[in-house]
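Chemist: Dropping the structure in here first, questions after.
The values are calculated or read from the model by the stated rules, or taken from the named source; none is laboratory data. Values in this document were obtained by computation on a predicted structure and should not be read as measured data. Here the Cβ positions follow ideal geometry from the backbone for every residue, glycine too, while neighbour counts run over all protein chains shown. The area values use the complete protein model at the heavy-atom level, side chains included, leaving out ligands, DNA and RNA. Shrake-Rupley method; radii C 1.70, N 1.55, O 1.52, S 1.80 Å.
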Amino acid sequence: VQLQASGGGMVQAGDSLRLSCAASGLAFSSYAMGWFRQAPGKERESVAGIRWSSGSTDVADSVKGRFTVSRDNAKSTVYLQMNSLKPEDTAVYFCAARRSFLHSTKSDDYDYWGQGTLVTVSS
C-alpha cells in the first residue's frame, strides 16, 4: 500500500494550495480518508476527513470555512483544498487511510499513512 501526498510548497498568507494524495495497493473506495498535519514542536492534529462514499466530510474548527476535503474514487485520490492560508497553517501535511466507511480524528484509527508534504505559509 502506498499513499503519495503532493502539492505542498511555500506560499504567502492569503494564498491557496491544493494537496493531493494518490493511493495504490488498496481498495480505495473501501477506505475513509483523513488529512492530518504536524507543525514543528507540536503534536499531529486532524485537519479533515471524508467517508468512503464522499457523502460526509468534516474539517477541524481551525480550518473551517477555508479548507475543503474531497475524493475521486475513480482516481484513488483524495484532495485537500486550502484557501486563505495563514502562517499558523505551516506544517507537514499527511494523508491517511482507514479501513472503515467512517473517518476519524484519531491518528491511531488509521491503517496507512503517506509520507507527508510540507506547507509553509509566510506572513
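Chemist: Which one is most open to solvent (accessible area, probe 1.4 Å) among residues in the range 58-104 that are in contact with a Gly (Cβ under 7 Å, 6 or more places away or on another chain) and among the polar types (S, T, N, Q)?
Modeler: In this case the residue turns out to be SER84.
Chemist: Does the range 35-48 contain at least one residue that is of a type in the set (Ser, Thr, Tyr) and either in contact with a Cys (Cβ under 9 Å, 6 or more places away or on another chain) or under 14 Å from CYS21 (Cβ atoms) (or both)?
Modeler: Pass one, the range 35-48, residues of a type in the set (Ser, Thr, Tyr): 46.
So of that shortlist, the ones also either in contact with a Cys (Cβ under 9 Å, 6 or more places away or on another chain) or under 14 Å from CYS21 (Cβ atoms) (or both) come out as none.
For the range 35-48, residues of a type in the set (Ser, Thr, Tyr) and either in contact with a Cys (Cβ under 9 Å, 6 or more places away or on another chain) or under 14 Å from CYS21 (Cβ atoms) (or both): absent.
Chemist: Still on this structure: Name the single residue that is most open to solvent (accessible area, probe 1.4 Å) among those in the range 1-11 being farther than 13 Å from MET82 by Cβ and of a type outside the set (A, V, I, L, M).
Modeler: GLN2
Chemist: Name every residue in the range 12-41 that is surrounded by 16 or more Cβ atoms within 10 Å (Cβ to Cβ), in contact with a Ser or Thr (Cβ under 7 Å, 6 or more places away or on another chain) and more than 15 Å from SER53 (Cα to Cα), in order of residue number.
Modeler: Looking only at the range 12-41, we keep the residues that are surrounded by 16 or more Cβ atoms within 10 Å (Cβ to Cβ), and these are 17, 19-23, 26, 28, 31-37.
When the remaining residues are screened for being in contact with a Ser or Thr (Cβ under 7 Å, 6 or more places away or on another chain), the result is 19-23, 28, 32, 34, 36.
Once the filter is applied, which keeps residues that are surrounded by 16 or more Cβ atoms within 10 Å (Cβ to Cβ), in contact with a Ser or Thr (Cβ under 7 Å, 6 or more places away or on another chain) and more than 15 Å from SER53 (Cα to Cα), the range 12-41 yields LEU19, SER20, CYS21, ALA22, ALA23, PHE36.
Chemist: A follow-up question, please. Take the range 108-123 and flag every residue that is open to solvent by less than 40 Å² (accessible area, probe 1.4 Å) and more than 15 Å from LEU17 (Cβ to Cβ).
Modeler: Answer for the range 108-123, where residues must be open to solvent by less than 40 Å² (accessible area, probe 1.4 Å) and more than 15 Å from LEU17 (Cβ to Cβ): TYR110, GLY114.
Chemist: Here are VAL78, VAL121: which of them is within 19 Å of SER6 (Cα to Cα), assigned to a strand (DSSP E or B), at pLDDT 95 or above and in contact with a Pro (Cβ under 7 Å, 6 or more places away or on another chain)?
Modeler: On the way: VAL78 fails: in contact with a Pro (Cβ under 7 Å, 6 or more places away or on another chain).
Just a single option satisfies the conditions, and that option is VAL121.
Chemist: Let me ask something additional. Can you tell me which residues in the range 43-59 are closer than 20 Å to VAL119 by Cα and in contact (Cβ under 8 Å) with a residue 24 or more places away in the chain?
Modeler: Restricting attention to the range 43-59, the residues satisfying the condition of being closer than 20 Å to VAL119 by Cα are 43-49, 59.
Scanning the range 43-59 gives ARG44, SER46, VAL47, ALA48, GLY49.
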